[in-house]
Structure formats: C-alpha cells, structure tokens
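Below you'll find the structure, written out as structure tokens, and then a few comments.
The values are calculated or read from the model by the stated rules, or taken from the named source; none is laboratory data. For clarity, every value in this text was computed on a predicted model and none was experimentally measured. Positions of Cβ are generated from backbone atoms using ideal geometry, with glycine treated the same way; all protein chains shown enter the neighbour counts. These area figures cover heavy atoms from the full protein model, side chains too; ligands, DNA and RNA do not enter into them. Shrake-Rupley method; radii C 1.70, N 1.55, O 1.52, S 1.80 Å.
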Amino acid sequence: MAASTPHQRLHVRCLLLELELDMLHVSAELLPLAERAGLTNWHVGDRVDDVLRTATSDQARALAKVLIGAEQAPA
C-alpha cells in the first residue's frame with residue numbers, strides 16, 4: 001500500500017480547517033469521520049500529522065471524501 005502523499009495530507013488539513021476541526025490532535029468530533037473513512041486505528045489525542053503520515057493513499061482519499069461530504073451536509 002502506498003503512503004499518503006504530502007498533497008493528500010495538505011488537502012485533508014485544508015478540509016479540516018474548512019470544517020473548523022483544524023487542531024493538533026484527533027478529537028472526539030473527528031474520530032467518527034475518520035472511522036467512516038476506514039481509519040479505525042485513530043484515537044482521541046493522537047497527533048493529526050502523525051496519523052495522517054501513517055495513512056495509506058487510499059485512506060487519505062477516503063477521508064477527504066468523507067470530509068467533503070460533511071462540509072456539504074446541511075447544518
């Protein structure tokens with residue numbers, strides 16, 4: 001499995017910022033979104049940069065899709 005690229009990680013960070021979830025650590029709000037993307041090894045308190053670095057390219061792509069869906073969902 002290919003590791004996520006710097007561009008994918010930046011894209012995810014930008015989406016987190018748009019959702020006002022831009023933080024250093026995985027939060028209880030972010031965890032369900034990560035789990036929907038298949039990232040079940042994330043835990044509240046993990047550093048976001050560290051867990052994004054360990055994600056595969058497919059996982060990063062899936063997380064971006066979930067975050068885009070959350071961004072477009074009605075409030």
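Observations, loosely collected:
- The chain, accessible surface, carbon-and-sulfur percent (1.4 angstrom probe): 57
- Inter-centroid distance (Cα atoms) of region 11-46 relative to region 47-75, Å: 7
- Here's the picture: charge each Lys and Arg Cβ at +1 and each Asp and Glu Cβ at -1 in the chain, and of Gly45, Leu16, Val66 the one pushed furthest to the positive end of that dipole is Val66.
- 5 angstrom amide H check on His25, placed H, neighbours 5+ away: Val48
- For the chain, the 222 nm mean residue ellipticity estimated from helices alone, with every DSSP H stretch of n ≥ 4 adding -39500 (n - 2.57) and the total spread over all residues, rounds to -17000 deg cm²/dmol.
- Residues in the chain average 62 Å² of solvent-accessible surface per residue, probe 1.4 Å, ligands and nucleic acids excluded.
- What you get for the chain, charging only the Cβ of Lys and Arg (+1) and of Asp and Glu (-1), is a dipole of about 260 debye around the Cα centre.
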